[in-house]
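The structure appears below as structure tokens.
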Amino acid sequence: MKTKNRISQTEKTELLGNAPIPKALLAMGIPTMAGMLVNAFYNLVDAYFVSGLGESQMGAISVVFPLGQVIVGLGLLFGNGAASYISRLLGNGDRQKAGQTASTAIYGSLLLGALFIFLSILFLKPVLLLLGATASILPYALRYARIYIISCIFNIFNVAMNNIAASEGAAKTTMCALIAGAVLNTALDPLFIYGLHLDVTGAAIATAISQLVSTLVYLHFIMTRRSIFRFQWKDCCFSGEILSEICKIGIPTLVFQILTSVSISCINTQARTYGDSVIAAMGVVTRFVSMGSLSVFGFLKGFQPIAGYSFGARKYDRLRQAIKISVLWSTAFCVVYGLILAVFPTAFLSQFTENDTEMIRTGTASLRAGGLSFMLFGFHTVYASLFLALGKGRAGFFLGTCRQGICFIPIILLLPTVWGLPGILYAQPVADVLAAAVTVPMALKLHKELAVSTPK
């Protein structure tokens, strides 16, 4: 087993430090990208099948969505935070502490997640009202959330295991777990919603079963000892060192998840004045934009270790090449995806309603503007990820919170008061432009610093 781990780490070091940048970026980024896309796919599938029930039902899952994202963020806090530390520990041959970190991450995420889920269910009605539920949406949101939120305990485990399994090189297991759940969810949604006439409750049950199946795949991976970790309670070690290393990477990820949830909640709250159709429309728009943004985030999870390794090894030419290719690829993807959203917004929106012209009208305007501004997303996100990878925590945290927090939240709170409904529809595009504008001088300053550091 030790030999196998050593070979794995040698191959990983070769990939990070010497392999051609395109090959390294694809090898490191594609598995994480696929995992994030599958999670986004869950939400899109639910929205598609629930949309046939009506705008209030569609609005219900839109209102519950940000609460679920915060809960999933707890899995990311421990899983993403632990993965980086585990990789370094395995590289140093400290398998015992790596095992302690893995166990601490799994049990820590489950304990904190269970507490958060309990409190969410206990105060579910006021929470849903705070998230933007109207009187007509609330009954459906309660029925959906009671099952969906409880089932998020499986998703917390899945997200944490996703990152930990990737840190030990088990990308295939992660892919199998996520794809099995996504395929099953697609099959079960229509069966439970329409075949068994369970309405939004059926959507929640389908998601719960699908998440459970993904959990079972990971448990099989553990029980058959294909993981190098045992994940035993006795191995948990909530020491200051381990928790500090987990939180160093995990907290910025959690903060991003929280800001994303807050921004969606602000949209729902502002849209509540204009009725269920607008809430439903913005819910669909959010899901389509999330498909693109999560693709970029997943890809850049592969870019970060390459950038960090190159910077630490003072391979500045390699670092600049990695930045250049990542900006180019991310921007190319964002331009193509953004153009698709901007050119065909009505076609996308019409898949989620039959007769609600208001939902199509408002959603089309928002998705078209969002598609155009999404073209800037790759550039901004590459540098937000880069600063964190280089250990420039303040700059990375600032850029990471800029789009959905520092720029967006004041805009969504103020713009609708002076512009009405268009202020809601165009708040995110305005924030996208501002975030990209802020990124430019910070990126130029960083490249000047790298130029000075490069040996002549």
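Per-residue HN-Hα couplings for segment 386-394, Karplus 6.51 cos²θ - 1.76 cosθ + 1.60 at θ = phi - 60°, whole Hz, x for Gly and Pro?
The phi angles translate into 5, 4, 5, 5, 8, x, 8, x, 5 Hz.
At each listed q (0.22, 0.24 Å⁻¹), what is the log10 of I(q)/I(0) that the Debye formula gives for segment 304-391 modelled as equal alpha-carbon point scatterers?
Here the Debye-derived log intensity ratios amount to -0.93, -1.02.
Cβ neighbours within 10 Å, averaged per peptide: list 117-129, 52-64, 206-218, 101-113 in order, most packed at the top. Intermediate results must be reported in sequence, preceding the final value.
Values: 117-129: 14.9, 52-64: 26.0, 206-218: 21.7, 101-113: 23.2.
In decreasing order of mean packing, 117-129, 52-64, 206-218, 101-113 become 52-64, 101-113, 206-218, 117-129.
Pull out a ≥ b ≥ c, the square roots of the eigenvalues of the alpha-carbon gyration tensor of segment 180-315, then state rounded if a/c is under 1.5, prolate if not and a/b is larger than b/c, and oblate in the remaining case.
In terms of gyration-tensor shape, oblate.
State, as an integer percentage, the relative contact order of segment 150-213 based on alpha-carbon contacts under 8 Å between residues 6 or more apart.
Relative contact order for segment 150-213 comes out at 40 percent.
How high is the relative contact order of the chain, in percent, counting Cα pairs under 8 Å that sit 6 or more residues apart? Write down the numbers at each step before the final one.
Working: 697 pairs, mean separation 99.3, N = 456.
So the answer I get is 22 percent.
Under the Karplus relation 6.51 cos²θ - 1.76 cosθ + 1.60, θ = phi - 60°, what is the ordered set of whole-Hz ³J(HN,Hα) values for segment 157-166, x standing for Gly and Pro?
My calculation for segment 157-166 gives 4, 4, 5, 5, 5, 3, 6, 5, 4, 5 Hz in order.
To the nearest 10 degrees, how steeply does helix 171-190 sit against the main Cα axis of the chain, on a 0 to 90 scale?
So the inclination is approximately 10 degrees.
Please give me the summed charge of the neighbours of Arg361: other residues whose Cβ is under 15 Å from its Cβ, Lys and Arg +1, Asp and Glu -1.
Net charge in that neighbourhood comes out at -4.
Tell me the mean residue ellipticity at 222 nm calculated for the chain from its helices only (DSSP H runs of n ≥ 4, each -39500 (n - 2.57), averaged over every residue, nearest 500). The partial results should precede the final answer.
Values: 18 runs with 380 residues, N = 456.
-29000 deg cm²/dmol, from helical runs alone.
Can you tell me the 0 to 90 degree angle between the C-alpha axis of helix 21-50 and the longest principal axis of the chain, rounded to 10?
The answer is roughly 20 degrees.
In debye, nearest 20, what is the charge dipole magnitude of the chain about its Cα centre with +1 on Lys and Arg Cβ and -1 on Asp and Glu Cβ, if you could check?
For this selection, approximately 1780 debye.
Provide Rg over Rh for segment 21-113; use the alpha carbon set for both Rg and the Kirkwood Rh (inverse mean inverse pair distance). Could you put the intermediate results ahead of the total?
Numbers: Rg = 18.0 Å, Rh = 15.9 Å.
Here the Rg-to-Rh quotient is 1.13.
What net charge is computed for the residues neighbouring Phe41, neighbours being all others with C-beta under 12 Å from the C-beta of Phe41, Lys and Arg scored +1, Asp and Glu -1?
Within the 12 Å Cβ shell, the charges total -1.
Skip the ligands, DNA and RNA, and give the accessible area per residue of the chain with a 1.4 Å probe, whole Å².
So the chain comes to 41 Å² accessible per residue, rounded to a whole number.
Report the full-extension gain for the segment Leu421 to Gln321: residue separation times 0.36 nm, less the Cα-Cα distance, to one decimal in nm.
Between Leu421 and Gln321, full extension yields 31.6 nm more.
Share of the chain's accessible area from carbon and sulfur, percent, 1.4 Å?
68
Tell me whether segment 195-253 comes out rounded, prolate or oblate; compute the Cα gyration tensor, take square roots of the eigenvalues as a ≥ b ≥ c, and use a/c under 1.5 as the rounded threshold.
Details: a/c = 3.72, a/b = 1.75, b/c = 2.13.
Oblate.
Given the protein chains as shown and a 1.4 Å probe, how many square angstrom of Met223 are accessible, to the nearest 10?
We get 140 Å² for Met223.
The values are calculated or read from the model by the stated rules, or taken from the named source; none is laboratory data. Computed from a predicted model, the values in this text were never measured in an experiment. All Cβ positions, even for glycine, are placed from backbone atoms using ideal geometry, and neighbour counts span all protein chains on display. Ligands, DNA and RNA are excluded from the accessible area calculation, which covers all protein heavy atoms including side chains. Shrake-Rupley method; radii C 1.70, N 1.55, O 1.52, S 1.80 Å.
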